[in-house]
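Quick notes on the structure that follows.
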Ligand SMILES: [Zn+2]
């Protein structure tokens, strides 16, 4: 009886391992797809930058930094993302302007 239980347990473990192997393969394929997509996007970006040059519009960065500063955080390199505690920071100002 005990040997039969042990055998059943081993069969169950085999099934679980088989399922995990299947899941792992699916994740592996998903990662490979993402890597391929990333390479394609990098090539497209390089091509775009070769044709059009580096992006000149950096206003989105300024807005993001300004928003972060307005929310009460430093955007300067030394204290980046730490709370300003309501104090103005001249270094942050240089980054935003
Ligand atoms: Zn600062």
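The values are calculated or read from the model by the stated rules, or taken from the named source; none is laboratory data. Since we're looking at a predicted model, the values are computed, not measured. Quick reminder, even Gly has a Cβ in these numbers, built from the backbone with ideal geometry, and neighbours come from all protein chains shown.
The condition (being more than 28 Å from the chain's Cα centre (by Cα) and surrounded by 10 or more Cβ atoms within 10 Å (Cβ to Cβ)) is satisfied by just one residue among 12, 5, 49, 66: 12.
Conditions (1) within 16 Å of the ligand (Cβ to nearest atom); (2) surrounded by fewer than 11 Cβ atoms within 10 Å (Cβ to Cβ); (3) modelled with pLDDT under 90; (4) outside any helix (DSSP H, G or I), marked per residue:
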site: 21; (1), (2), (3), (4): no, yes, no, no
site: 37; (1), (2), (3), (4): no, yes, yes, no
site: 40; (1), (2), (3), (4): no, yes, yes, no
site: 57; (1), (2), (3), (4): no, yes, yes, yes
site: 75; (1), (2), (3), (4): yes, no, yes, yes
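Would it be correct to say that residue 93 is surrounded by 11 or more Cβ atoms within 10 Å (Cβ to Cβ) and in contact with a helix residue (DSSP H, G or I) (Cβ under 9 Å, 6 or more places away or on another chain)? For residue 93, the condition - surrounded by 11 or more Cβ atoms within 10 Å (Cβ to Cβ) and in contact with a helix residue (DSSP H, G or I) (Cβ under 9 Å, 6 or more places away or on another chain) - is met. A Cβ distance below 7 Å, combined with a sequence gap of six or more or placement on separate chains, defines the contacts here; from the range 84-97, residues that are more than 9 Å from the ligand (Cβ to nearest atom) reach residues that are part of a loop (DSSP other than H, G, I, E, B) and modelled with pLDDT under 90 in the pairs 96/75. Taking the conditions (1) in a helix (DSSP H, G or I); (2) surrounded by fewer than 10 Cβ atoms within 10 Å (Cβ to Cβ); (3) at pLDDT 90 or above in turn, residue 17 satisfies each one other than (2).
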